[in-house]
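Participant: Mind having a look at this structure? Questions to follow.
Computed from the coordinates by the stated procedures, all read-outs in this text should not be read as laboratory data. Quick caveat, the model's predicted, so the values are computed rather than measured. Heads up, the Cβs are rebuilt from the backbone with ideal geometry, glycines too, and the neighbour counts pull from every protein chain shown.
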There are 2 protein chains.
Amino acid sequence: MIVRNAVSKAAFNPDKMGKVSLAMTENLFAGLNTFEAGQEHKLHTHQGQDKIYFVLRGAGEVAVGEEQARIEEGDLVVAEAGEEHALRNPGPGRLVVMVLMAPPPKPKAG
Amino acid sequence: MIVRNAVSKAAFNPDKMGKVSLAMTENLFAGLNTFEAGQEHKLHTHQGQDKIYFVLRGAGEVAVGEEQARIEEGDLVVAEAGEEHALRNPGPGRLVVMVLMAPPPKPKAG
């Protein structure tokens, strides 16, 4: 399957971080997380799932494990299973990151 | 873990496609495949592993399942486990793709 110009699929949510699914296989999920200025994904962990963020547009402030840093286009962040991570867009521009998760998230009931 | 400016890690091999490892976790591998003009990764499959290509620099000709297409910066390609895929750089420029594999490849013996 080919997804053209992945960043063009970005959709924003005025109320909270936006989530877009690009591809889901048995072992791997690819999507976008989108952040208006000031939006964030608060500190959290995934048990049994590894995550990669790859910055496509804009800049953000990431926390992962013991690290805290500003990240920019082309930077990659790895949060291993059980490792706390958070991502925030300090603005003024929008932030779009590609998210890879393995294994993929399970569909929510209902 | 943070990898700054992932595409800057690209290393080329004059003899064949170059491979660079960026990150390896229990469930996920991230790396770069690099192609000088004319280089290719011939048609192959991975049993039990899903792969994503994401084009970082340049353009390529991809085959995946029944699809054949030219892909450019920002395009994403998904090759599910058992699905044949190939990637070629027709030139004249260099081609760099990010590769995600889940589960990750096993270290080769020896």
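Listed here are the residues, each with its yes/no results for (1) at negative phi; (2) touching a Leu at 6+ places or on another chain (Cβ under 7 Å); (3) outside any strand (DSSP E or B).
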residue: A:E26; (1), (2), (3): yes, no, yes
residue: A:I52; (1), (2), (3): yes, yes, no
residue: A:V55; (1), (2), (3): yes, no, no
residue: A:A86; (1), (2), (3): yes, yes, no
residue: A:P92; (1), (2), (3): yes, no, yes
residue: A:M101; (1), (2), (3): yes, no, no
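Participant: Moving on. Quick check on A:P107: is it surrounded by fewer than 22 Cβ atoms within 10 Å (Cβ to Cβ) and within 8 Å of chain B (Cβ to nearest Cβ)?
Facilitator: It is false that A:P107 is surrounded by fewer than 22 Cβ atoms within 10 Å (Cβ to Cβ) and within 8 Å of chain B (Cβ to nearest Cβ).
Participant: Being assigned to a loop (DSSP other than H, G, I, E, B) and either free of Cβ contacts under 8 Å to residues at least 12 places away in the same chain or within 14 Å of the chain's Cα centre (by Cα) (or both) is the filter here; which residues of the range A:30-43 pass it? Give the derivation first.
Facilitator: Filtering the range A:30-43 down to residues assigned to a loop (DSSP other than H, G, I, E, B) leaves A:36-39.
Within the range A:30-43, A:E36, A:Q39 qualify.
Participant: Could you please let me know if B:G60 is over 23 Å from B:P103 (Cβ atoms) and out of contact with any helix residue (DSSP H, G or I) (no Cβ under 7 Å at 6 or more places or on another chain)?
Facilitator: Details: over 23 Å from B:P103 (Cβ atoms): yes; out of contact with any helix residue (DSSP H, G or I) (no Cβ under 7 Å at 6 or more places or on another chain): yes.
Against the criterion (over 23 Å from B:P103 (Cβ atoms) and out of contact with any helix residue (DSSP H, G or I) (no Cβ under 7 Å at 6 or more places or on another chain)), B:G60 qualifies.
Participant: Select from the range B:69-100 the residues that are closer than 15 Å to A:A30 by Cα and at the interface with another protein chain (Cβ under 8 Å from one of its Cβ atoms) and write down the one among them that is surrounded by the fewest Cβ atoms within 10 Å (Cβ to Cβ). Before the answer, list the steps.
Facilitator: From the range B:69-100, those closer than 15 Å to A:A30 by Cα are B:74-80, B:98-100; that's our starting set.
Next cut, at the interface with another protein chain (Cβ under 8 Å from one of its Cβ atoms) only: B:74-78, B:80, B:98, B:100.
Values: B:G74: 15, B:D75: 20, B:L76: 24, B:V77: 24, B:V78: 22, B:E80: 20, B:M98: 24, B:L100: 25.
Selected residue: B:G74.
Here's the yes/no breakdown for (1) among the polar types (S, T, N, Q); (2) exposed (fewer than 13 other Cβ atoms within 10 Å of the Cβ); (3) touching a strand residue (DSSP E or B) at 6+ places or on another chain (Cβ under 9 Å); (4) touching a residue at least 24 places away in the same chain (Cβ under 8 Å):
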{"site": "A:A23", "(1), (2), (3), (4)": "no, no, yes, no"}
{"site": "A:L28", "(1), (2), (3), (4)": "no, no, yes, yes"}
{"site": "A:T45", "(1), (2), (3), (4)": "yes, no, yes, yes"}
{"site": "A:R57", "(1), (2), (3), (4)": "no, no, yes, yes"}
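Participant: If a residue must be away from chain A (no Cβ under 11 Å) and without any contact (Cβ under 8 Å) to a residue 60 or more places away in the chain, how many such residues does the range B:2-16 contain?
Facilitator: Taking the range B:2-16 as the starting set, the residues that turn out to be away from chain A (no Cβ under 11 Å) are B:10-16.
This time we only want the ones that are without any contact (Cβ under 8 Å) to a residue 60 or more places away in the chain, so: B:11, B:13-16.
Total satisfying the criteria: 5.
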